[in-house]
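*Asks:* Questions regarding the structure given below will be posed in turn.
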Amino acid sequence: MGLLKNIWYVAGWSDELADGGTIARIIAGEPILLYRAEDGSPAALHDECPHRFAPLSSGWIKQGKVQCAYHGLIFDRRGRCVHNPHGTAVSALDIRSYDVVERDDFLWIWLGDPAGADIMSIPDMSMLASQPDQTLIRGYLHAAAHHQLMVDNILDLSHADYLHKEAARFADSSDDPSLITPRYPNPPKVEEIGDRLSVKWLSERATPIEIWQRELPDPSADADMFSEVVWYPGGAMALLTGVNQSGKDRSAAAFSPAVHAMTPETEETTHYFYAVKRNYRVDDTAYHEQLATTLVDAFSNQDQPMIEAQQRRMARQSFMAKKPALLSIDVAAARARRIYDRLLLSEQSVAT
Ligand code: FES
Ligand SMILES: [Fe+2]
């Protein structure tokens, strides 16, 4: 198979590069060093010295240039070797640099053909900025699973009814998992917009789950619950979940915008960046702490172990080769895989 290169990936959080910080991270199989150049803008270099392949991330950064810690070659932000203590800094010593853009508190990197690095195609995660900073809950997980298994988890939110059944339950639900009622009785509406996918789950005129019931003016009255995801082929997803009283305008909804970015590290491992905000209980610090604990527990102790267990079961066989059973809840994940495969095929056919 392989991994897309002609795509914007989340490489890290913008503030990981604060105060002289650096990031050494493998992204889609490429070792990358991220740091801030002299003007403060982010720079990204192939994290491998051309001499003996030492990681440049073990070296030193001075005035926006990186010096290899092994035998002292120095590179500028464009990857040009600007100093060779043992001879001439010839162009054969240059290394690859990458386009990197800072936007919506993320660092976005383009690993493929630089000619295709159009900043207009950077995923839009601006909805996160619309909510107050004190509501932010964010984190990073390193998962031993293929990034598409991680993406499935967000594109099919029906798993919350089961895997997160304590947190996402209906008030009157039984403890018996065989009696669980799905939050969304119908499959989502899925729409392709260019290479993106819009996925909308809706439950109208229904009893809301307990956590949402508490946020409604009339908890006993019917409500509409919604979950909307925009998936980008680099694995970044913008998610909006919320609730509003049935018959009332969506502008009165209690909602939570979130980013879930599943950046492939390799074909079997994933960097998972998540950031969640909300428009309700914005100054309730006790609620904030409790929500953070619940979310971190859900992502780290419920989602991640399940997805890693899936990966182990697959034991290096490809997902499709195992002929997965297709359920109505899989419509979005299946479409995302089709788009991904189409882009990958077209990228690889150009490369060969
Ligand atoms: S490995 Fe970098 S200078 Fe020798
Ligand atoms: Fe989950």
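Please treat every number below as a calculation from the coordinates, not as lab data. Please read these numbers as outputs of a predicted model, since none were measured by experiment. Heads up, the Cβs are rebuilt from the backbone with ideal geometry, glycines too, and the neighbour counts pull from every protein chain shown.
*Asks:* Quick one: which residues, 5 or more positions from His83 or on another chain, have an amide H under 5 Å from its amide H? H modelled 1.01 Å from N in the peptide plane, none for Pro or chain starts.
*Replies:* Residues meeting the amide H criterion: Ile74.
*Asks:* Another question, if that's okay. In whole percent, what relative contact order does the chain give with Cα contacts below 8 Å and a gap of six or more residues?
*Replies:* 18 percent
*Asks:* Would you mind checking Lys5/Lys322; Lys165/Lys200; Lys200/Lys248 for any pair whose Cα atoms are more than 23 angstrom apart?
*Replies:* Beyond 23 Å: Lys5/Lys322.
*Asks:* Now for a different question. Could you tell me which of rounded, prolate or oblate describes the range 238-291, using a ≥ b ≥ c as the square roots of the eigenvalues of the alpha-carbon gyration tensor, with rounded for a/c under 1.5 and, failing that, prolate when a/b is larger than b/c and oblate otherwise?
*Replies:* Oblate is the answer for the range 238-291, as a/c is 1.5 or above yet b/c matches or exceeds a/b.
*Asks:* Here's another thing I want to ask about it. Can you list the HN-Hα couplings for the range 74-84, worked out from phi with the Karplus curve (6.51, -1.76, 1.60; θ = phi - 60°), rounded to whole Hz and with x for Gly and Pro?
*Replies:* Once θ is set to phi - 60°, the couplings for the range 74-84 become 10, 10, 8, 5, 8, x, 6, 6, 9, 7, 10 Hz.
*Asks:* Got the relative contact order for the range 157-230 handy, in percent, Cα pairs under 8 Å and 6 or more residues apart?
*Replies:* 28 percent
*Asks:* Okay, next question. What does the charge count around Thr269 come to, taking other residues whose C-beta lies under 12 Å from its C-beta (Lys +1, Arg +1, Asp -1, Glu -1)?
*Replies:* That works out to -3.
*Asks:* Which semi-axes, in whole Å and largest first, does the equivalent ellipsoid of the chain have when worked out from the alpha carbon gyration tensor as the square roots of 5 times its eigenvalues?
*Replies:* 41, 23, 17
*Asks:* Continuing with this model, one more query. Beyond 18 Å, what share of the Cα-Cα pairs of the range 1-103 remains, rounded to the nearest whole percent?
*Replies:* More than 18 Å apart: 44 percent of the Cα pairs in the range 1-103.
*Asks:* Once each part is reduced to its C-alpha centroid, what is the distance from the range 112-143 to the range 196-239 in angstrom?
*Replies:* First find each Cα centre; the distance between them is then 21 Å.
*Asks:* In whole Hz and in residue order, list the ³J(HN,Hα) couplings for the range 172-188 that follow from phi through the Karplus curve 6.51 cos²θ - 1.76 cosθ + 1.60, θ = phi - 60°; x for Gly and Pro.
*Replies:* So the Karplus estimates, Gly and Pro as x, are 9, 6, 7, 7, 7, x, 6, 9, 5, 9, x, 4, 10, x, 10, x, x Hz.
*Asks:* What is the spread of the Cα atoms of the range 110-264 along each of their three principal axes, largest first, in whole Å?
*Replies:* 56, 34, 32
*Asks:* Check which residues have an amide H placed less than 5 Å from Tyr280's amide H, if you skip close sequence neighbours.
*Replies:* The list, which skips near neighbours in sequence, is Phe255.
*Asks:* Now for a separate question. At 4 °C and a viscosity of 1.567 mPa s, what translational diffusion coefficient does Stokes-Einstein give for the range 136-194, taking Rh as the Kirkwood radius over Cα pairs? Give it in µm²/s as a whole number.
*Replies:* Answer from the Stokes-Einstein relation: 92 µm²/s.
*Asks:* Let me ask something additional. Which of the helices in the chain, when you take each full DSSP H run, stretch at least 27 Å along the axis at their Cα atoms and have an average Kyte-Doolittle score of 1.0 or higher?
*Replies:* Result, helices passing both filters: zero.
*Asks:* Ok, one more. What ³J(HN,Hα) values, in whole Hz, does the Karplus curve 6.51 cos²θ - 1.76 cosθ + 1.60 give for the range 23-29 when θ = phi - 60°, with x put for Gly and Pro?
*Replies:* 10, 10, 9, 8, 10, 6, x
*Asks:* PRE reach from Lys189 (point 7 Å along Cα→Cβ): which of the range 212-243 fall under 14 Å by backbone N?
*Replies:* 225-229
*Asks:* If the cut-off is a Cα-Cα distance under 16 Å, which lysines reach Lys62, setting aside same-chain residues fewer than 8 apart in sequence?
*Replies:* Cross-link targets: none qualify.
*Asks:* Compute the FRET efficiency between Ser178 and Ala221 as 1/(1 + (r/R0)^6), taking r as their Cβ-Cβ distance and R0 = 30 Å, and round to the nearest 0.05.
*Replies:* Working: r = 29 Å, r/R0 = 0.96.
With R0 = 30 Å, the Cβ-Cβ based efficiency is 0.55.
*Asks:* Rank Ile122, Ile32, Ile23 by mean-square fluctuation in a GNM of the chain with C-alpha springs under 10 angstrom and give only the top-ranked residue.
*Replies:* Ile23
*Asks:* Also, I was wondering about something else. Would you tally the net charge around Ser246, using a Cβ to Cβ cut-off of less than 12 Å, leaving Ser246 out, and scoring K and R as +1, D and E as -1?
*Replies:* Once positives and negatives cancel, what remains is -2.
*Asks:* With the cut-off at 1.5 for a/c, could you classify the range 235-337 from its C-alpha gyration tensor as rounded, prolate or oblate?
*Replies:* Prolate, because a/c is 1.5 or more and a/b exceeds b/c.
*Asks:* Go ahead and estimate [θ] at 222 nm for the chain from helices alone: -39,500 (n - 2.57) per DSSP H run with n ≥ 4, summed, over the residue count, rounded to 500.
*Replies:* Roughly -5000 deg cm²/dmol at 222 nm, from the helical runs in the chain.
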